[in-house]
Each structure stands twice: as structure tokens, then as C-alpha cells.
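Below is one structure, written out as C-alpha cells, with a few remarks after it.
The values are calculated or read from the model by the stated rules, or taken from the named source; none is laboratory data. Note that the structure is a prediction, hence the values are computed from the model and not measured. Cβ: placed from backbone, ideal geometry, glycine included. Neighbour counts: every protein chain shown. Only protein heavy atoms, including side chains, enter the accessible area calculation; ligands, DNA and RNA are left aside. Shrake-Rupley method; radii C 1.70, N 1.55, O 1.52, S 1.80 Å.
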Amino acid sequence: MEKSRVLVVGPRGGHPTFVLHRPEIGIDVEKVQMLLSFKEQGARLVEASFSDHGSLVAAVRQVDAVVCAIAGVHIRSHQIPLQLKLVEAMKEAGNVKRFLPSEFGIDPARMGSALEPGRITFDDKMAVRRAVEEAGIPFTYISAGCFAGYFIGGLCQPGNILPAKERVTILGSGDVKAIFVDEDDIATYAVKTIDDPRAANKTVYIRPPENVLSQMELVRIWEDLIERKLETVSLSADDFLSAMKGEDYVSQVGMGHFYHVLYEGCLTNFDVAEEASQLYPDVAYTRVRDYLRRYL
């Protein structure tokens, strides 16, 4: 079967790939180098801007599928609502056979009672979902739980991306299960869904079985790798919420998400029908232990 031509918005898998290059990238050297690396790998750069509807329509008309990966975390920039302009372009173009909006983390459809101010992430993603479905654009929503770089590296401690060597703060009992996925694996699974009719108009959950772990299990794996025990300090839910109130807006958003994942278990307190590692057993996903080896 001929593979769909894919437009990637924001920064693989054997498809003819077009990468949206926005003029407003300015002098962001890191992003420019990333775009050039994509080009070297065979991607075609397509210039378009969210402030120029016509350019978006022209870009969309060149492809069969659109994958949006614009930023949705406030520590960098929160651009989720910009996708509404992309939806309008796809609606006018009328040729897109599959759209993967920028989701990839917690399923926003299950976060109707999320804490302020972090709920803005879920509210904005749901607004995009409504626009997509009202426009009749075929979609796949990808829910992958915790990005490894944000959660595994810091042993699930907010504000940390490197593992502790002496002392670690345990959130609550530390026994609540979460899901940890390497960012490259998320991309691999996401690309697999593009031409898969089983994933059409559904939410596909990425739950690699060996990566469904609690914070304490994560810590134990790290202790085993470094061959020593860490001092642990437990932080109750009440203390966590009190500490969160004293933080700035951006930190409160992130801490709210940590609260839902590691105190409430929002990633694992329900069963799923479409699970990526079962749909695509040929994908060799990265185990948590192997991911942690990078920090040795």
C-alpha cells in the first residue's frame, strides 16, 4: 500500500514527509538546525504561517495526512489554540485523510475536573478536538502518558530532569502507577497509526507493558543501576498542593499535571480499547531501565 504524504507541523517513519517551516521562526538557531537536519534526512520544507491562511491551505493540499507537534507545555510556549487555524485550512483544502493534533500526553477528554491553572492545557486540546470533529476531518488522538525526558530523568520530581544521586522526594505513597514513554517511541507509534484504518477517529493509547510503573518502582530501578539506596522523603497531597500555590503560573500548570498523574493516577485508572503496543507489536519500545542507563 502506498504510504500517505505527511505534513509535520512543529518539530518519520518511511512516509514522504513535508515539514512546515514558519517564517516567524526568526533567529531561533536551534529550530533552524533541526529543520535542516530533517531536510538532510529527506524531508521537504514547506513554508507557511499561522497568520497566513492561504499559505496553510497551500501546504495542506500537498499532503494526505497532517501531524501537529507544536508546543503544548508552558515552560516553553503554549501554542495549542493555533491549531484552530490549521483546522480551518484543512477544512477548506478538503483533502486530508488523517489529522493527528498536538496531544501525545494525558487524554484531555478524561480531565474535565482538572485543577486550575493546569486545566487550560486540556480545555484548549478539547476545543481543538471539537473543531476537528465538527469539520468532519478524519483524526487519530494519541495519548502517551508521561514523556520520558520530563518524568523518567527526574525520577518524577517536578522541576528535575536529571536523576538524583543522594535524595529523592516521593509523591504520596509512591505506589500510583503511571506510564512512561520515550519520545522517539511516541513518534514511531504515531506514524504507524496514519494509514491504519483501526486507528481512524479513535484515541490510541500508548501503554508499553513494561513501562507502566510507579514512582517507587522507577526509583528502585535507578538505585539498582547506581548500586546504592537513595534517601527518600514523602510529600503528602495536601503539602504538594500547598507548595504549588506559592509557585509562579508556569510552575503551577506543570505541578498540576504531576498531581493528577502521580497522586490521582489519571493515566492508569481506566481500561483502554486501542493500545499501541498491541496494535503494533513489531515496534521495539525503549524500556525504562534502558532509558535510565543514559544517565550513568
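May I ask you to list the residues in the stretch 273-290 that are open to solvent by less than 40 Å² (accessible area, probe 1.4 Å) and assigned to a loop (DSSP other than H, G, I, E, B)? Write out each step before concluding.
Step one: list which residues in the stretch 273-290 are open to solvent by less than 40 Å² (accessible area, probe 1.4 Å), which gives 274-277, 279-280, 283, 285-286, 288.
Matches in the stretch 273-290: E274, Y280, V283, Y285, T286.
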What residue, of L56, L7, L36, is at pLDDT below 80 and either surrounded by 17 or more Cβ atoms within 10 Å (Cβ to Cβ) or in a helix (DSSP H, G or I) (or both)? L36
List the number of the failed condition for A190; all other conditions in (1) closer than 30 Å to E134 by Cα; (2) surrounded by fewer than 16 Cβ atoms within 10 Å (Cβ to Cβ); (3) small (G, A, S) hold. (2)
Considering only the stretch 156-170, I want to know if a residue exists there that is modelled with pLDDT of 95 or more, buried (at least 20 other Cβ atoms within 10 Å of the Cβ), within 21 Å of V261 (Cβ to Cβ) and not assigned by the TED database to the domain that holds F240. no
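Of the residues that make up the stretch 215-231, is at least one modelled with pLDDT under 95 and open to solvent by 30 Å² or more (accessible area, probe 1.4 Å)?
Within the stretch 215-231, the subset modelled with pLDDT under 95 is none.
No, there is no match, as no residue in the stretch 215-231 is modelled with pLDDT under 95 and open to solvent by 30 Å² or more (accessible area, probe 1.4 Å).
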Say whether the condition of being hydroxyl-bearing (S, T, Y) and at pLDDT 95 or above is met by at least one residue in the stretch 118-139. no
Report, by residue number, each residue of the stretch 115-142 that is open to solvent by 10 Å² or more (accessible area, probe 1.4 Å), in a loop (DSSP other than H, G, I, E, B) and out of contact with any Lys or Arg (no Cβ under 9 Å at 6 or more places or on another chain). L115, E116, P117
Give the residues of the stretch 77-95 that are in a loop (DSSP other than H, G, I, E, B) and either open to solvent by less than 20 Å² (accessible area, probe 1.4 Å) or within 12 Å of G136 (Cα to Cα) (or both), sorted by residue number. G94, N95
